[in-house]
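Working notes, beginning with the structure itself.
Quick note: the coordinates plus some simple rules give every number you see, no bench work behind them. Just so it is clear, the model here is predicted, and its values are computed rather than measured. Here Cβ is always computed from backbone atoms with ideal geometry, including for glycine, and neighbour counts include all displayed protein chains.
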Amino acid sequence: MGITHRTLVVSTTVVMTALVAVTGAGLHWSRSLASFRQSPKELVDEVWQVIDREYVDATFNGNDWRAVRREFLSRNYSNTEDAYKAAREMLEKLNDPYTRFMDPEQFKSMQIETSGELTGVGITITQDEKTKEITVVSPIEGSPAAEIGLMAKDVILRIDGKSTKGMDINQAVSMIRGPVNTKVRLTIQRGGQVMNFEVTRARIEIHPVRYSVRQTPQGPVGYIRLVTFSSNAAAEMRSAIRDLEKQGVQGYVLDVRSNPGGLLFASAEIARMFLQQGDIVSTVNRQGEADRLRAGRGFLTNKPMVVLIDGGSASASEILAGALQDNNRAVLIGTKTFGKGLVQSVQPVGEGSGIAVTIAKYFTPSGRDINKKGIEPDIEVKLTEQQREQLTREDIATDKDPQFMRAIAVLNERILAEQQRSAQSVQPSRALR
């Protein structure tokens, strides 16, 4: 049985700290919110039941899940805050940073993010499963965090002077986000260097797709930068490709560097625009294969293309890149991707709270499990630490961007080869004498 279209989220973290929200438009509402008043203990039990019913790991990370229920229901809870704390404590037993409880404020923030009304500093964070370090996945392009110089892989050591050691990701989110025009101080570690940033929170408008025509020796090519897989990403991508086709581009550079992911079905829709046929991704839950998404509709172009990836390309970005690579549709250029191959369902619990639960793993068309491994580029182009720091937003996709310049060179080679094949195929056959 296929997984419902509106349930699946593939992002490096459910919580987008800068956005006071999570990546996950298109939620599956299992019941009406606030339809009845719950006791704190009932909320804890409801969270337990969601995990018992849907969690991807049937061993529950080696826990006797029924014993866990007995343990938590034997406690007394005097208020909802006690229940929230217990729900988070229970989920910690799964040792899964992507399965987490959201109180009403956090859950409402997630819904705000999906509507496009965003405020914050503009970073996506995750928590390392082993070290528990709070780490930047990527800054949102054009956000205060990006403008001030925060980068993927930065480890957040302190927030407004408070150490993040022992802090869970929800605490970090609460401390980083805040009203527009207020400031937050972040102390980060980048390699062996410790740095301090003061970031002013702002209202952030995200357009997932930006595109332009670039002139090259082999003719005009389309450059498309995809920054997130939101609910409107596929529509914007479709419009961009159609416009670029009208302008006569000979090929495409698709840039998903520092794209932390988003909606599973957005990545599948975009893959279909470039793939005439073939598998895109398969999802596997604890009962076995749950769904397999294939190309076959929405196809827009078969022109040569390259895809730019890096360590901030995660989840939905990896689904798209993996599909194009496994189907021999595009050349991947850059560095290894983040390595997040899990799918979450986000749903309401209690009176206004929510839970994100890992319900499946996903695999590329060739059957690759990229979780914690990432996708290797076909052509590796690394940036030095100095190059990364010097590469400003204005320098992206210019001659100051080594990865982009390599992409243009490779794309020109592919366009030339395609032009030569086309010329040979249309040559008239010579009459026999």
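What is the order of Ser353, Ser174, fewest Cβ neighbours within 10 Å to most?
On the way: Ser353 24, Ser174 18.
Exposure proxy ranking, most exposed first: Ser174, Ser353.
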Partners for Lys400 among aspartates and glutamates (Cα-Cα distance below 19 Å; same-chain residues under 8 apart left out): Glu141, Glu147, Asp255, Asp310, Glu380, Glu385, Glu389
Sparse-neighbourhood loop sites, trypsin sites (Lys or Arg not before Pro) in region 143-236 - DSSP loop, at most 13 other Cβ within 10 angstrom: Lys165
Helical contribution to [θ] at 222 nm, DSSP H n ≥ 4, -39,500 (n - 2.57), averaged over the chain, rounded to 500: -9000 deg cm²/dmol
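Check each of the GluC sites (Glu not before Pro) in region 198-295 and keep only those in coil by DSSP with at most 11 other C-beta atoms within 10 angstrom; list them in order.
On the way: sites: Glu198, Glu205, Glu236, Glu245, Glu269, Glu289; in loops: Glu205.
Answer in residue order: Glu205.
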Under 5 Å, built H, 5+ apart or other chain: amide partners of Thr164: Arg158, Ile159
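Can you tally the net charge around Asp310? Count Lys and Arg as +1, Asp and Glu as -1, for every other residue whose Cβ sits under 11 Å from the Cβ of Asp310.
Details: positive: Lys153, Arg257, Lys336, Lys382, Arg388; negative: Asp255, Glu380.
Around Asp310, the charge tally is +3.
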5 angstrom amide H check on Thr124, placed H, neighbours 5+ away: Val137, Ser138, Ile140
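How big is the charge dipole of the chain about its Cα centre, in debye rounded to the nearest 20, if each Lys and Arg gets +1 on its Cβ and each Asp and Glu gets -1 on its Cβ?
On the way: 55 positive and 51 negative charges, 158 e Å.
Approximately 760 debye in magnitude.
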Hits among aspartates and glutamates - C-alpha to C-alpha of Lys372 under 13 Å, sequence gap 8 or more where chains match: Asp96, Asp128, Glu129, Glu318
Cβ-Cβ FRET estimate between Glu42 and Gln424, R0 fixed at 60 Å, reported to 0.05: 0.25
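Determine the sum of side-chain charges near Phe229: Lys and Arg each +1, Asp and Glu each -1, restricted to other residues whose C-beta is under 12 angstrom from that of Phe229. Please report the intermediate quantities before stating the final value.
Values: positive: none; negative: Glu236, Glu269, Glu318.
Once all neighbours under 12 Å are counted, the net charge is -3.
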Amide H within-cut-off set for Leu332, under 5 Å, with H built and near neighbours excluded: Val307, Asp378, Ile379
Antiparallel DSSP beta bridges within the chain, as percent of all bridges there, nearest 5: 80 percent
Kirkwood-based Rg to Rh ratio, region 226-282, C-alpha trace: 0.96
Net lengthening on full extension, Arg53/Arg185 (0.36 nm per residue, minus Cα-Cα): 43.4 nm
Segment Asn95-Asn371, extension gain: residue separation times 0.36 nm, minus the distance between their alpha carbons: 97.9 nm
